[in-house]
Amino acid sequence: MPSVKSILYYMFHPEQLRKVWHEPVYRRDPSKESDTLKSCFHYLDLTSRSFSAVIQELNPDMLVPIALFYLVLRGLDTIEDDMTIPLEKKEPLLRGFDKLMKIDGWTFTENGPNEKDRELLIHFDDIIAELKKIKPNYYEIIEDITIKMGNGMADYAIKAENGEGVETVAEYEKYCHYVAGLVGEGLTRLFVAGEWANPALNDRPELTESMGQFLQKTNIIRDVHEDFEDKRRFWPTAIWSKHVDKWEDLFKPENREKALQCSSEMVLNSLKHADECLFYMAAIREQSVFNFVAIPQAMAIATLELVFRNPAIFERNVKITKGDACQLMIESTQNLRVLCDVFRKYARRIAKKNDPRDPNFLEISSACAKIEQFIETLFPTQDPKKIALVQKNSNSEDEEKMDPWEGLILVGSVLLALFLISALMIGAAYLMGARFDKMFSGEPSSLVPAGSKPTTSLLGDHDEL
Amino acid sequence: MASEKPQKASLGRVLVIGGCGFLGHHVVNLVLQHWDTTAVSVIDLRCQRNRRPASDGVEYVEADITDADNLTKVLGRLRPDVVIHTASPQAQGSGAVSNELFRKVNVDGTRAVVTACQQSAVKALVFTSSASIMSDNKTDLINANETWPVIRGKNQSEYYSETKANQSAPRLRVQAAAEELVLAANRTGDSNLLTASIRPSGIFGEGDVQAVYHLVNIYEQGRTGVQVGPNTNIFEFTYVENVAHAHLLAARALLLTAQASTVPLDHERVDGEAFLITNGQPIYFWDFARAIWRAAGSDKGTAHVWEMPREVGMLLGWLSEVAFGLVRKPPTFTRQRIVYSCMTRYYDISKARRRLGYVPLVTLSEGVRRAVQWTLDRKAEEKK
């Protein structure tokens with residue numbers, strides 16, 4: 001029996017109901033899992049709510065490798081993020097993480113007390129135990145990405161220590177590559193190894209890269225205020241310096257329009273990956289994997305629309321509403337076509353918000369139109385063969401443009417018909433006793449024959465309701 | 001990439017027909033800038049405007065291409081390797097000519113050009129067609145490529161039928177017929193002439209007195225507040241220099257084909273083929289107009305814009321047609337204009353990218369900047 005409170009809630013958030021109906025393709029079965037694996041899923045839940053849910057709906061073959069892959073990267077991230085660990089200690093941990101995760105029983109207890117995911121590293125032995133059980137080809141992929149990402153993070157930690165920020169767009173994209181592109185590379189290799197995706201993806205690394213770049217860049221735009229408060233900056237100098245002189249100026253209310261133009265340039269930079277993301281997802285061969293990759297992408301295009309020309313991003317954290325998120329969940333777990341509709345819808349919304357005074361107005365409009373064009377290459381609306389057939393058949397003179405005179409006659413006859421009908425009706429009314437002579441005399445109910453009782457006032461009628 | 005930095009590949013002796021026109025003079029400029037040549041010449045009806053300085057060594061010849069005998073004589077003297085045929089009277093706007101003249105220049109003139117090329121041992125002929133020849137002016141073209149059918153008239157006599165002004169469909173059929181003539185001449189008879197056709201969409205740029213000029217007028221009259229339809233229709237506009245570039249890439253490809261001993265494979269063939277050309281930047285129709293207005297000085301966003309439903313626009317267009325019809329004048333505002341502004345027409349140019357190595361030289365926004373600057377300068381001069 002649903003409670004009154006929940007009924008009220010769903011009345012005002014009807015979209016949320018869909019989540020209740022959502023039927024995942026697969027659901028993990030904890031009763032058949034070892035204790036260490038249960039523990040892994042426990043930490044997965046702790047470290048990421050949203051990712052945990054989608055991971056747990058993956059097919060049984062991908063479920064554990066991807067969950068462990070996520071936890072390993074999260075472990076790395078927890079070390080990198082922790083400002084209480086000095087660099088001399090941090091660097092070897094990051095660069096040697098692939099070795100550490102092979103040591104039975106290894107844990108890490110030296111995270112600062114405020115590090116939110118420190119529990120994961122304290123119990124990392126459980127993850128290591130499960131890593132030993134997965135197929136060797138899957139393990140190799142996870143290990144390889146761990147090495148690459150550990151080194152990348154170490155490089156960035158050193159840069160951060162030296163006060164070097166993200167300067168050029170190339171550096172910005174390199175950063176996104178380390179934190180997201182590499183994750184994508186690992187996932188793609190896992191999908192292909194498990195034969196859940198078209199192996200051609202391995203030959204098109206730029207598609208995988210776009211998947212990661214699109215998500216990461218969108219998050220970086222959305223989180224600009226939070227990062228600013230944490231004294232971190234990911235927006236490249238090459239972009240913001242075109243709009244303001246100093247980074248902090250971007251957050252001053254008097255510079256709002258400049259800040260918005262700067263954020264549009266960031267949005268444009270992210271938008272260029274959207275078509276390749278769709279292309280990538282066309283290569284996925286299994287529903288649960290499709291859902292896994294599509295949900296974050298749908299959220300990203302919606303987030304991009306939300307942050308586009310939205311001054312609030314410089315004041316507080318913005319997020320898509322729960323209702324929208326649920327709707328997107330539903331729409332991104334059907335098929336590529338429905339997902340393309342989502343992308344088209346948000347592309348048009350972005351185009352609609354676009355402002356001609358923005359220096360990147362034209363490029364943004366074109367980037368949105370290009371998303372629509374790419375969708376056409378996947379699902380063409382027109383078929384040239386059919387068009388040719390239609391043209392052949394419609395041999396009637398194609399130039400049957402209406403002559404204005406012809407149109408005038410048409411409208412004339414409509415007016416004539418209207419006049420005749422009115423005349424008939426008025427005539428009938430007259431025969432029935434309507435007093436047209438009093439119509440303009442100002443007397444009340446002049447059209448009503450004398451003697452008939454005036455009706456009660458409208459107000460009186462309403463009293464009875 | 002070959003087309004991004006052309007290493008001054010050679011085109012031999014180049015002749016640009018219509019080389020003083022809007023597109024033609026950009027072709028001449030680009031030939032001089034980017035290509036290695038042994039001679040550059042121009043044939044045009046009149047050669048005063050858009051003329052290169054004498055130091056550039058371009059030979060200008062005044063000739064009427066509908067005069068077939070004279071044209072053959074001129075070509076026999078110039079002996080070009082490459083002919084770029086851009087000549088066509090203005091199809092719309094203030095300088096529009098009658099349909100009869102339009103047909104004469106496009107069909108008879110083009111036939112004369114083809115014959116003259118064949119008789120003068122020209123190696124490569126590149127013809128300027130239009131992407132609109134695939135459009136019936138009513139139906140959308142959604143990501144269309146060269147496999148889309150070309151609209152054709154039922155028979156030749158139709159080209160002679162004089163119809164009312166501003167009905168562009170007969171003119172498109174004329175252009176389609178001219179393209180057919182050129183492509184049919186590829187590798188025919190005794191001649192070794194190779195031909196190709198370029199179909200640009202929405203060409204604009206310096207020297208353009210149609211699209212951009214008209215839009216700047218709308219801005220100056222303060223009529224930027226109306227938008228017909230929801231602006232979800234995508235269009236393609238192409239900066240003139242990119243169109244010129246595509247012509248020269250095609251010419252180069254034809255010359256290379258002429259040198260080769262074997263006929264190229266179907267999927268890499270340029271001779272006898274048509275190529276759609278755009279800026280590769282599809283855009284929502286009204287956004288292009290707004291970009292022009294912005295470049296012309298507008299400080300307005302979109303808050304003031306009233307979105308007029310298409311149906312209302314059609315009604316107003318019809319009323320205008322009736323009103324002008326009653327006073328027996330060609331209408332300035334028509335239903336066709338409403339249809340145009342609500343139509344989706346964009347193209348897939350991967351054939352040109354693949355076979356010609358076409359990459360646009362100038363971005364859309366840079367093109368808009370240049371075109372609007374030119375238009376404003378010209379308007380300032382007119383006022384003087």
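The values are calculated or read from the model by the stated rules, or taken from the named source; none is laboratory data. Since the structure is predicted, the reported quantities are computational estimates derived from the model, not experimental observations. Cβ: placed from backbone, ideal geometry, glycine included. Neighbour counts: every protein chain shown. The accessibility values were calculated without ligands, DNA or RNA, using every heavy atom of the protein model including side chains. Shrake-Rupley method; radii C 1.70, N 1.55, O 1.52, S 1.80 Å.
Residues of the range B:30-52 that are of a type in the set (S, T, N, Q), within 15 Å of B:E241 (Cα to Cα) and buried (at least 18 other Cβ atoms within 10 Å of the Cβ): B:N50 alone. Candidates B:W293, B:W318, B:W286: the one that is out of contact with any Asp or Glu (no Cβ under 6 Å at 6 or more places or on another chain), part of a helix (DSSP H, G or I) and modelled with pLDDT under 95 is B:W318. If you check B:R290, B:R294, B:R310 for being more than 7 Å from every other protein chain (Cβ to nearest Cβ) and within 27 Å of B:Y347 (Cβ to Cβ), only one passes: B:R310. The residue pairs whose first member lies in the range A:331-351 and is over 15 Å from A:I375 (Cα atoms) and assigned to a helix (DSSP H, G or I), whose second member is modelled with pLDDT of 95 or more and among the acidic types (D, E), and whose beta carbons are closer than 6 Å, counting only pairs six or more residues apart or on different chains, are A:R349/A:E305; A:I350/A:E305.
Taking helices (runs of 4 or more DSSP H) as the structural unit, those lying wholly within the range A:27-117 and holding at least 1 residues that are closer than 28 Å to A:S332 by Cβ and within 27 Å of the chain's Cα centre (by Cα) correspond to A:35-47, A:49-55, A:60-81. Say whether the condition of being over 24 Å from A:G412 (Cβ atoms), in contact with a strand residue (DSSP E or B) (Cβ under 7 Å, 6 or more places away or on another chain) and not in a helix (DSSP H, G or I) is met by at least one residue in the range B:359-371. Within the range B:359-371, one or more residues are over 24 Å from A:G412 (Cβ atoms), in contact with a strand residue (DSSP E or B) (Cβ under 7 Å, 6 or more places away or on another chain) and not in a helix (DSSP H, G or I).
Kindly indicate the residue of the range B:327-376 that is of a type in the set (D, E, K, R) and closer than 16 Å to B:V228 by Cβ and also modelled with the highest pLDDT among those meeting that condition.
B:R345
Suppose the filter is closer than 22 Å to B:Y284 by Cβ, open to solvent by 10 Å² or more (accessible area, probe 1.4 Å) and either part of a loop (DSSP other than H, G, I, E, B) or at pLDDT below 95 (or both); does B:T188 pass it? Spell out how you get there, then give the answer.
On the way: closer than 22 Å to B:Y284 by Cβ: no; open to solvent by 10 Å² or more (accessible area, probe 1.4 Å): yes; either part of a loop (DSSP other than H, G, I, E, B) or at pLDDT below 95 (or both): yes.
Against the criterion (closer than 22 Å to B:Y284 by Cβ, open to solvent by 10 Å² or more (accessible area, probe 1.4 Å) and either part of a loop (DSSP other than H, G, I, E, B) or at pLDDT below 95 (or both)), B:T188 does not qualify.
Whenever a residue of the range A:99-115 is without any contact (Cβ under 8 Å) to a residue 12 or more places away in the chain, its partners that are among the hydrophobic types (A, V, I, L, M, F, W, C), lying with C-beta atoms within less than 6 angstrom and at least six residues away or across chains, give the pairs A:L100/A:W106.
The lone criterion from (1) more than 30 Å from B:A9 (Cβ to Cβ); (2) surrounded by 14 or more Cβ atoms within 10 Å (Cβ to Cβ) left unmet by B:T332 is number (2). With the requirement that a residue be part of a helix (DSSP H, G or I) and more than 12 Å from chain A (Cβ to nearest Cβ), what does the range B:343-358 give you? Listed by number, the residues that qualify are B:K351, B:A352, B:R353, B:R354, B:R355, B:L356. Among the residues of the range A:47-66 satisfying the criterion of being modelled with pLDDT of 90 or more and surrounded by fewer than 17 Cβ atoms within 10 Å (Cβ to Cβ), which is farthest from A:I320 (Cα to Cα)? If we take residues in the range A:47-66 being modelled with pLDDT of 90 or more and surrounded by fewer than 17 Cβ atoms within 10 Å (Cβ to Cβ), then A:P60 is farthest from A:I320 (Cα to Cα).
Residues checked against (1) closer than 23 Å to B:V359 by Cβ; (2) hydrophobic (A, V, I, L, M, F, W, C); (3) touching a residue at least 12 places away in the same chain (Cβ under 8 Å):
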site: B:H247; (1), (2), (3): yes, no, yes
site: B:A250; (1), (2), (3): yes, yes, yes
site: B:L254; (1), (2), (3): yes, yes, yes
site: B:A258; (1), (2), (3): no, yes, yes
site: B:S261; (1), (2), (3): no, no, no
site: B:F275; (1), (2), (3): yes, yes, yes
site: B:G280; (1), (2), (3): yes, no, yes
site: B:R310; (1), (2), (3): no, no, yes
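Scan the range B:116-145 for residues that are more than 14 Å from chain A (Cβ to nearest Cβ) and over 20 Å from the mean Cα position of the chain (by Cα) and the total you get is 8.
Condition first: crowded, with 23+ Cβ neighbours inside 10 Å, assigned to a loop (DSSP other than H, G, I, E, B) and more than 13 Å from the chain's Cα centre (by Cα). Now tell me which residues in the range B:191-211 satisfy that. Across the range B:191-211, the qualifying residue is only B:L193. Scanning the range A:314-373 for residues that are more than 8 Å from chain B (Cβ to nearest Cβ), under 26 Å from A:W235 (Cα atoms) and open to solvent by 50 Å² or more (accessible area, probe 1.4 Å) returns A:E315, A:R316, A:N317, A:K319, A:T321, A:R349, A:K353, A:P359. Checking the stated criteria, B:E321 turns out not to satisfy the condition of being more than 9 Å from every other protein chain (Cβ to nearest Cβ) and of a type outside the set (A, V, I, L, M). Restricting the range B:213-236 to residues that are more than 14 Å from chain A (Cβ to nearest Cβ) and either open to solvent by less than 20 Å² (accessible area, probe 1.4 Å) or free of Cβ contacts under 8 Å to residues at least 24 places away in the same chain (or both), which is farthest from B:G367 (Cα to Cα)? Step by step, filter the range B:213-236, then rank; the result is B:V228. The residues in the range A:374-386 that are open to solvent by 50 Å² or more (accessible area, probe 1.4 Å) and either closer than 12 Å to B:I283 by Cβ or facing chain B (nearest Cβ under 9 Å) (or both) can be counted, and the count is 4.
To keep it simple, each residue is scored yes or no on (1) open to solvent by less than 50 Å² (accessible area, probe 1.4 Å); (2) assigned to a helix (DSSP H, G or I); (3) farther than 24 Å from A:A298 by Cβ.
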position	(1), (2), (3)
A:H225	yes, yes, no
A:V244	yes, no, yes
A:E257	no, yes, yes
A:L260	yes, yes, yes
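With respect to B:A274, determine if the residue is within 27 Å of the chain's Cα centre (by Cα) and not in a helix (DSSP H, G or I). Criteria met by B:A274. Every condition in (1) within 14 Å of chain A (Cβ to nearest Cβ); (2) assigned to a helix (DSSP H, G or I); (3) of a type in the set (A, V, I, L, M, F, W, C); (4) under 30 Å from B:L15 (Cα atoms) holds for B:L254 except the one numbered (1). Scanning the range A:285-313 for residues that are part of a helix (DSSP H, G or I) and either open to solvent by 20 Å² or more (accessible area, probe 1.4 Å) or among the basic types (K, R) (or both) turns up A:Q287, A:P296, A:M299, A:E305, A:L306, A:P311.
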